[in-house]
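Student: Take this structure, written in structure tokens, and hold onto it; I'll ask about it next.
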Number of protein chains: 2
Amino acid sequence: MSSVSIIGSGSMASAIGALALKGGNTVEITGRDRAKAQALASALGNGATVGTWGTAPAGDIVILAVLFDSAVPIVSEYGDALANKIVVDITNPFNASATGLAIPHDTSIAQKVAEAAPASAHIVKAFNTLFRDVLAAGGPLDVFVAGDDAQAKASVSAFIESLGLRPQDTGDLSMAHWLEGAGLLSVGLANHGVGSLNFSLGVKQG
Amino acid sequence: MSSVSIIGSGSMASAIGALALKGGNTVEITGRDRAKAQALASALGNGATVGTWGTAPAGDIVILAVLFDSAVPIVSEYGDALANKIVVDITNPFNASATGLAIPHDTSIAQKVAEAAPASAHIVKAFNTLFRDVLAAGGPLDVFVAGDDAQAKASVSAFIESLGLRPQDTGDLSMAHWLEGAGLLSVGLANHGVGSLNFSLGVKQG
């Protein structure tokens with residue numbers, strides 16, 4: 001059982017929050033617009049609470065379920081309120097046409113978040129290759145994970161398993177660059193070979 | 001049925017050559033070391049022939065089954081001998097520790113090959129996310145494909161289907177950068193979450 005705070009009130013927050021509650025975790029929803037956060041918490045039910053924006057989240061695991069260009073500013077705004085937290089970045093920095101990434105070539109949103117977060121926080125990239133509706137439906141999906149701290153990755157992996165999903169560790173946080181690229185590949189597949197959003201990238205045992 | 005020339009005599013050349021012959025395609029093997037190419041062609045049997053290094057390949061589809069840092073030099077050396085060919089780049093530009101890519105951040109080996117090849121050649125990235133032994137075993141594997149020319153991609157996709165594999169179009173050749181990153185992710189998974197080379201990345205229908 002994990003204690004999870006979700007920053008964001010959108011569809012990814014809703015999908016992860018619902019799975020988290022179903023998996024027996026405690027969930028706090030926090031949004032800059034408290035009314036929206038409250039509405040999501042109420043919709044989720046099952047004891048979901050509402051947090052106060054900019055203050056220390058209740059959860060040990062803090063999921064940044066925001067648009068990619070808000071991730072670093074929000075982490076900066078939170079500052080020391082994120083001390084000792086495990087921060088999970090799920091964002092995809094797609095450019096306007098979703099044909100490339102709007103990040104410098106030698107980094108990732110996850111690494112930028114790590115730079116902006118307190119030194120005691122541990123950043124994990126996860127969930128970004130999963131389309132919202134596929135994630136919401138749950139099932140045996142692979143959740144690709146990257147991070148520098150083994151214990152933080154183990155905590156996030158246990159949380160992922162509680163959702164009925166499969167954590168797949170890809171390595172250290174520098175792999176977040178390529179996971180963000182895998183998010184772009186997923187969009188490419190949706191627009192070309194697969195032709196729909198109804199799929200996920202995964203590991204197939206040989 | 002495709003007419004395929006494989007440049008290279010190593011394990012990927014062997015794996016693709018064997019599947020290609022089984023799928024009813026004609027296969028020519030060409031290597032700088034003609035004796036090695038002849039040995040592979042003989043081992044493959046089923047009418048596999050040996051080509052002459054640096055001259056126009058017999059196949060309409062030319063598979064560059066060489067180490068990544070040889071791909072561009074070889075294409076340059078072949079020059080106009082590759083006119084009008086579909087050139088398939090399967091390489092992975094791993095750095096020495098296989099924790100990053102030994103390419104500039106804004107390109108890929110496939111795009112470098114396209115710059116070096118005659119303007120009438122069409123470059124397709126494919127096969128690079130598949131580990132050698134998994135590919136050799138065949139089966140319902142996903143082969144991620146990227147390329148700028150729709151007809152060339154269709155030809156390569158038909159060839160892939162003849163191998164009993166599934167082509168998955170990811171978009172234009174710029175996606176080769178992220179496919180090369182997906183090759184790196186596969187190594188990361190092998191070294192971390194999966195713990196073996198006995199898997200493939202694939203598309204799971206939702």
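All of the numbers you see were taken from the coordinates with simple rules; none came from a lab. Note that this is a predicted model, so its numbers are computed, not measured. All Cβ positions, glycine included, derive from the backbone under ideal geometry; neighbour counts span all protein chains shown.
Student: Which net charge results when you count Lys and Arg as +1 and Asp and Glu as -1 among the other residues whose beta-carbon is under 9 Å from that of B:Lys125? If you can, show how the numbers build up before the last one.
Tutor: Numbers: positive: none; negative: B:Asp89, B:Glu180.
Value of the local net charge: -2.
Student: Starting from the 7 Å offset along Cα-to-Cβ, what nm value, one decimal, do you get for the label separation of B:Ala83 and A:Asn84?
Tutor: Label-label distance for B:Ala83 and A:Asn84, simple model: 7.2 nm.
Student: Taking the simple approach of a point 7 Å from Cα along Cα-to-Cβ for both A:Ala154 and B:Ala150, what is their distance in nm?
Tutor: Distance between the two pseudo-spin positions: 5.3 nm.
Student: List the distances, in nm and shortest first, from the label point of B:Ala98 to the matching label points in every other copy, placing each point 7 Å from Cα along the Cα-to-Cβ direction.
Tutor: For B:Ala98, the inter-copy label distances come out at 3.3 nm.
Student: Please list, in chain and number order, the residues 5+ apart from B:Glu28 or on another chain whose amide H is under 5 Å from its amide H, with Hs placed from the backbone.
Tutor: HN-HN under 5 Å from B:Glu28: B:Val4, B:Ser5, B:Ile6, B:Thr49.
Student: When the Karplus curve 6.51 cos²θ - 1.76 cosθ + 1.60 is applied with θ = phi - 60°, which whole-Hz ³J(HN,Hα) does each residue of the range A:15-21 get, with x for Gly and Pro?
Tutor: Running phi through 6.51 cos²θ - 1.76 cosθ + 1.60 with θ = phi - 60° gives 5, 5, x, 5, 5, 5, 5 Hz.
Student: Smallest Cβ-to-axis distance in chain A, for the rotation taking A to B: which residue, how many Å?
Tutor: Its Cβ sits closest to the axis: A:His105, 2.
Student: Would you calculate the volume per residue, in Å³, of the smallest convex hull containing every Cα atom of the protein assembly as shown? Don't skip to the end; give the middle numbers.
Tutor: Numbers: hull volume 49.7 nm³, N = 412.
So the per-residue Cα hull volume is 121 Å³.
Student: Note down the magnitude of the dipole of the range B:55-206 about its Cα centre, charges +1 on Lys and Arg C-beta and -1 on Asp and Glu C-beta and zero elsewhere, to the nearest 20 debye. Before the final figure, lay out each step's value.
Tutor: Working: 7 positive and 15 negative charges, 82 e Å.
Dipole about the Cα centre, nearest 20: 400 debye.
Student: Another question about this same structure. Any idea what % of Cα-Cα pairs in the range A:1-140 are farther than 28 Å?
Tutor: Working: 1273 of 9730 pairs.
Percent of Cα pairs beyond 28 Å in the range A:1-140: 13.
Student: Ordered by residue, what ³J(HN,Hα) values in Hz, to whole numbers, does the range B:107-114 give under the Karplus form 6.51 cos²θ - 1.76 cosθ + 1.60, where θ = phi - 60° and Gly and Pro are x?
Tutor: Those phi angles translate into 8, 7, 4, 4, 5, 5, 4, 4 Hz.
Student: Assume the label is 7 Å from Cα along Cα to beta carbon: what separations in nm does B:Gly54 have to the matching positions in the other copies?
Tutor: Label-point separations across copies, in nm and ascending: 7.1.
Student: Continuing with the same structure: Could you compute the net charge surrounding B:Ala71? Neighbours are other residues with a C-beta less than 15 Å from the C-beta of B:Ala71; K and R count +1, D and E count -1.
Tutor: Spelling it out: positives minus negatives among the neighbours equals -1.
Student: Can you compute log10 of I(q)/I(0) for the range A:72-206 with the Debye formula, treating each Cα as one identical point scatterer, at q = 0.09, 0.20 Å⁻¹?
Tutor: -0.26, -1.22
Student: For A:Leu67, place a label point 7 Å out from Cα along the Cα→Cβ vector, do the same in each other copy, and report the separations in nm, one decimal, smallest first.
Tutor: Nearest to farthest, the other copies are at 4.7 nm.
Student: If you count, for every residue in A:65-74, the Cβ atoms of partner chains within 10 Å of its Cβ, what is the mean?
Tutor: Details: counts 0, 0, 0, 0, 0, 0, 0, 0, 0, 0.
That works out to 0 on average.
Student: Give the share of C-alpha pairs in each 5 angstrom bin for the range A:1-67, from 0 to the last occupied bin, in whole percents, shortest bins first.
Tutor: Over the range A:1-67, the share of Cα pairs per 5 Å bin runs 4, 23, 36, 28, 9, 1 percent.
Student: Then there's this: Take A:Arg32 and B:Ala98, extend 7 Å from each Cα along the Cα→Cβ direction, and tell me the distance between the two endpoints in nm.
Tutor: Between A:Arg32 and B:Ala98, the simple spin-label model gives 4.4 nm.
Student: Using the structure shown, list the pairs from B:Lys112/B:Lys204; A:Lys85/B:Lys204; A:Lys125/B:Lys153; B:Lys36/B:Lys125; A:Lys85/A:Lys204; A:Lys125/B:Lys112 with a Cα-Cα distance above 28 Å, or answer none. Don't skip to the answer; put the middle values down first.
Tutor: Working: B:Lys112/B:Lys204 31 Å; A:Lys85/B:Lys204 33 Å; A:Lys125/B:Lys153 33 Å; B:Lys36/B:Lys125 25 Å; A:Lys85/A:Lys204 32 Å; A:Lys125/B:Lys112 30 Å.
Distance filter (> 28 Å) returns B:Lys112/B:Lys204; A:Lys85/B:Lys204; A:Lys125/B:Lys153; A:Lys85/A:Lys204; A:Lys125/B:Lys112.
Student: Here's a follow-up. Treat every Asp and Glu Cβ in the protein assembly as shown as -1 and every Lys and Arg Cβ as +1, leave all other atoms uncharged, and give the resulting dipole magnitude about the Cα centre to the nearest 20 debye.
Tutor: On the way: 22 positive and 34 negative charges, 166 e Å.
About 800 debye.
Student: Taking K and R as +1 and D and E as -1, what net charge do the other residues with C-beta under 13 Å from the C-beta of B:Trp178 add up to?
Tutor: Values: positive: B:Lys125; negative: A:Glu180, B:Asp106, B:Asp172, B:Glu180.
Result for the local shell: -3.
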